[in-house]
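This report concerns only the one structure given below.
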Amino acid sequence: YGNALYLGNKENPYIVLIKAANKKIKECIVAKSARFILNDAFKDCVSLKTVDLPNTLLSIGKGAFFGCKSLETIYLPESLESIGPAAFFECASLKNIQLPKGVSAIYDATFAKSGLESITVPQQITCVGTIDKDPEHEFYYYGVQCGAFADCDKLNTVIFEPHTKYAQRCRAGIG
């Protein structure tokens, strides 16, 4: 369905999006009943320009859109609770993104080397970068740990909404 391969069951054959059908896809409409996108699902799909995510999606895995240099448009649904480290790493054409209210952390390299120009960090975000000693959410690029917005050369503005619960125990995610 929609240029992707899935795992599921009788009731819902599209629970988990495993990977893109091939690396040359230009768009993907994720099945309306999908709940998870696995790690590296669209990694290096360099021609992928648009992705349509359903309102049932709960999680985007680590490196899910890593290296999707042409990705311009993706709407993150309000149902989304988790975005893995390096999910949008090297998405050079991605200029804007709206973080949904269900997401509580922006992990290592989530938007590193992307084309983001500005981002608003919603008040429910408690961490930007990695919580110390949490290997599940760390990301290393050629042996160097990356901040959430590392090497975002076009990023001019990071706005923290009033009353953001940004935790001091997290490393700075910018830089």
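Normalised by the number of residues in the range 20-117, the average gap of Cα pairs under 8 Å and 6 or more apart makes the relative contact order 23 percent. For the range 50-65, backbone nitrogen atoms closer than 15 Å to the point 7 Å from Lys154 Cα along Cα-to-C-beta are found at 50. Please report the carbon-and-sulfur percent of the accessible area for the range 1-127; probe 1.4 Å, protein heavy atoms only, DNA, RNA and ligands left out. Percent of accessible area from carbon and sulfur atoms in the range 1-127: 50.
At full extension, Ala21 and Asn55 could sit 10.1 nm farther apart than now, given 0.36 nm per residue minus the alpha carbon distance. Local charge for Ala41 was computed over the other residues whose Cβ lies under 12 Å away, with Lys and Arg +1 and Asp and Glu -1, and equals +2. With protein chains left intact and a 1.4 Å probe, residues in the range 1-118 average 44 Å² of accessible area per residue.
In this calculation the C-beta distance from Gln124 to Leu7 is compared with R0 = 41 Å, giving a FRET efficiency of 0.85.
Charged neighbours of Leu58, selected by a Cβ distance under 13 Å, balance to -1 (K, R count +1; D, E count -1).
Which of rounded, prolate or oblate describes the range 1-126 when judged by the alpha-carbon gyration tensor and an a/c cut-off of 1.5? Oblate shape, in that a/c is at least 1.5 and b/c is the bigger or equal ratio.
The values are calculated or read from the model by the stated rules, or taken from the named source; none is laboratory data. In this text the structure is predicted, and so the values were computed from the model without any measurement. Ideal geometry is used to build each Cβ from the backbone, glycine not excepted, and the neighbour counts take in all protein chains shown. Heads up: the accessible areas ignore ligands, DNA and RNA and are worked out on the full protein's heavy atoms, side chains in. Shrake-Rupley method; radii C 1.70, N 1.55, O 1.52, S 1.80 Å.
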